[in-house]
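The values are calculated or read from the model by the stated rules, or taken from the named source; none is laboratory data. Bear in mind that the values here come from a model prediction, so they are computed numbers and not experimental data. Virtual Cβ from ideal backbone geometry, glycine too; neighbours counted across all protein chains shown. Note: accessible area is taken over every heavy atom of the protein model, side chains too, but ligands, DNA and RNA are not part of it. Shrake-Rupley method; radii C 1.70, N 1.55, O 1.52, S 1.80 Å.
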Amino acid sequence: MTAVTRTRSAAPWRRLAGDPALLTAVAAIWCLLLLFVLFPLAHLLERAFVDDGALTLEPLLSAVLDPSHQAAFVNSLVLAAAVGALGTALGLVFALTAVRSGLGRHWLTLLDAAALLPLVSPPFTTSIAIIFSFGPRGLITHDLLGLTNVSAYGFWSTTLAETLTYFPIAYLTLRPILAAIDPNLEEMAFSLGSSRWRIFRTVTLPLCVPGFANAFLLLFAASLADFATPLILAGNAFPVLPTQAYLQITGLFDFKGGAVLSLMLLLPAVVIFLLQRYWVGQRSYVTVSGKVGQRSRSRAIARWTIWLLVAACLAVTAIIVYFYALLVVASLVTAFGANNSFTWHHYHVIFTEGLPAIRDTLIIAAIGMPIGGLYGVLVGYLVARRRFPGRHAIELVAMINYALPGTIVGIAYLIAFNDPPIALTGGALIIIACYVFRYSPTGIRATVALLQQIDRSLEDASASLGAGTSETFRRVMLPLIAPAFFAGLGVVFIRSMTAISATIFLVSISWTLITVRILENMTELALGPAAAFSVLVIVVVFIVVGGLSAVLARLRTPAAGGAARSFLGG
């Protein structure tokens with residue numbers, strides 16, 4: 001029995017050693033993960049817990065016992081909980097409207113566009129619009145209401161900005177869950193005399209419990225990792241940990257203090273990630289039958305409820321459209337609120353003084369796109385289809401940078417690659433690596449999901465005809481998982497254009513980013529160029545997303561639409 005056990009345990013190693021292509025791919029991926037995931041994290045832990053060659057907890061205890069840091073930690077959790085609750089509720093309203101109201105295809109397209117717009121915009125977009133609306137010279141507070149000495153900074157404005165930015169994540173999470181519920185369950189309950197409210201409370205909501213929990217946890221994690229919005233809107237009265245860590249490094253040049261503060265975010269981030277994985281696995285809550293009848297609008301949901309849901313969605317959509325229209329107007333006037341004369345000056349500024357940032361951002365995004373797409377489908381294919389030692393470890397390590405807040409990842413990269421023997425700071429490579437290894441897990445997940453729908457007999461047939469691992473992957477599997485490849489492309493490009501929480505620590509004089517320039521303009525109160533930069537990013541992202549969506553629509557694969565939603569929602 002012992003010999004049989006040894007033989008079985010040795011079989012994966014023999015299989016790996018006997019396939020040179022598989023061995024090369026696994027070795028290359030491990031080298032990349034060790035260099036760009038585990039190496040930075042190890043250096044971050046070393047900087048935080050090692051002093052003069054000795055292990056110490058003094059910096060961590062000092063930070064934890066500091067009243068200002070305690071307040072920032074509590075504020076971060078309160079803000080994340082508020083955004084999670086409000087965003088999940090708003091996402092539920094949009095999901096119910098999309099699934100149960102019977103809206104036409106064009107109305108649903110409009111609803112999707114309004115909901116997804118904040119996800120493909122720079123993180124400062126909503127913040128800029130709130131300042132223009134509710135600031136001391138705001139369109140609403142000053143021009144319409146005549147108020148003076150008002151402030152657009154603090155907890156509520158930050159919560160509003162983050163809720164409008166992240167509620168689409170809850171919408172994208174809850175919509176398919178609601179759509180998957182068998183309508184016959186509700187119809188049977190209705191035919192037995194239950195009221196619509198009781199059906200919703202005892203049938204629909206319990207089946208959506210994993211979706212609610214998953215949406216809340218995703219929004220909680222997104223808010224916890226958000227660095228840009230609190231930096232602009234929270235102000236001194238409501239400090240949060242990501243901004244405190246940023247200021248600790250950029251203002252005080254205290255790398256150890258920044259590392260310790262970022263690690264204070266690690267505990268809630270890990271708890272949220274584990275809870276999310278637990279709730280995602282609770283798919284059994286949703287009952288999907290093989291036969292779904294046409295839902296009667298008059299029985300499934302009351303007409304007055306439909307109008308109420310539609311009105312709520314239209315109100316939120318109007319706010320979003322107003323904010324973005326305000327952004328466009330602010331980019332075309334001399335000084336919004338003070339001098340509203342038309343001008344192209346702000347666009348002249350971004351295409352002259354800001355041209356290096358535009359060029360650098362597009363170069364980094366163009367290089368990171370194919371690398372992130374290929375890396376995502378390769379790792380997803382190996383994890384889902386090949387059997388080799390360490391397969392699950394690769395999947396876990398590949399998700400680390402995705403699960404951690406961007407502030408932790410950025411500080412870890414800065415500490416790890418700032419000195420020899422691997423000095424990468426100041427160049428484009430470290431920024432590209434940060435984007436690829438932080439955002440390509442979306443492509444990994446999309447690849448794994450697609451491969452679950454593809455019969456293994458296709459690979460067996462290819463192998464029986466003499467094709468090796470690399471040829472089977474290139475000629476058989478890659479065309480079938482092309483939607484996941486484009487999902488990886490889309491996520492890496494969108495985040496290369498819009499993300500800042502990690503890469504704010506990695507830019508230099510030689511290489512900078514549009515989002516960093518927007519932040520600089522905001523801190524210098526140059527709101528016109530900041531608005532112009534934001535409009536430019538939105539236009540570029542929508543052009544690229546539209547192109548990728550068109551390509552996906554032409555792919556004759558059942559999962560193309562799912563992949564499109566994946567990178568739009570990523």
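Whenever a residue of segment 506-534 is in contact (Cβ under 8 Å) with a residue 40 or more places away in the chain and closer than 21 Å to Asp226 by Cα, its partners that are in a loop (DSSP other than H, G, I, E, B) and of a type in the set (Gly, Ala, Ser), lying with C-beta atoms within less than 6 angstrom and at least six residues away or across chains, give the pairs Arg517/Gly354.
Conditions (1) of a type in the set (Ser, Thr, Tyr); (2) open to solvent by less than 30 Å² (accessible area, probe 1.4 Å); (3) within 15 Å of the chain's Cα centre (by Cα), marked per residue:
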{"residue": "Arg456", "(1), (2), (3)": "no, no, no"}
{"residue": "Ser464", "(1), (2), (3)": "yes, no, no"}
{"residue": "Ala467", "(1), (2), (3)": "no, yes, no"}
{"residue": "Phe486", "(1), (2), (3)": "no, no, no"}
{"residue": "Ala499", "(1), (2), (3)": "no, yes, yes"}
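The selection criterion, being over 26 Å from Leu327 (Cα atoms) and among the basic types (Lys, Arg), holds for Arg456.
Contact annotation: residue pairs with Cβ atoms under 6 Å, 6 or more positions apart or on different chains, pairing a residue in segment 131-154 that is in contact (Cβ under 8 Å) with a residue 40 or more places away in the chain with a partner that is surrounded by fewer than 14 Cβ atoms within 10 Å (Cβ to Cβ), are Gly154/Ala237. Looking only at segment 322-377, residues that are of a type in the set (S, T, N, Q), in contact (Cβ under 8 Å) with a residue 60 or more places away in the chain and surrounded by 14 or more Cβ atoms within 10 Å (Cβ to Cβ) come to 2 in all.
Tell me the helices (runs of 4 or more DSSP H) entirely within segment 345-432 that contain at least 1 residues that are within 30 Å of Phe220 (Cα to Cα). Give the derivation first.
On the way: elements: 345-350, 355-385, 391-398, 400-403, 406-416.
Answer list for segment 345-432: 355-385, 391-398, 400-403, 406-416.
In summary, helices (runs of 4 or more DSSP H) completely within segment 196-297 and bearing 3 or more residues that are modelled with pLDDT under 80 and surrounded by fewer than 16 Cβ atoms within 10 Å (Cβ to Cβ) occur at 266-280. Of the residues in segment 321-335, how many are within 29 Å of Thr512 (Cβ to Cβ) and within 31 Å of the chain's Cα centre (by Cα)? The total comes to 10. Filtering Ala416, Ala393 for residues that are modelled with pLDDT of 85 or more and touching a His at 6+ places or on another chain (Cβ under 9 Å) leaves a single hit, Ala416.
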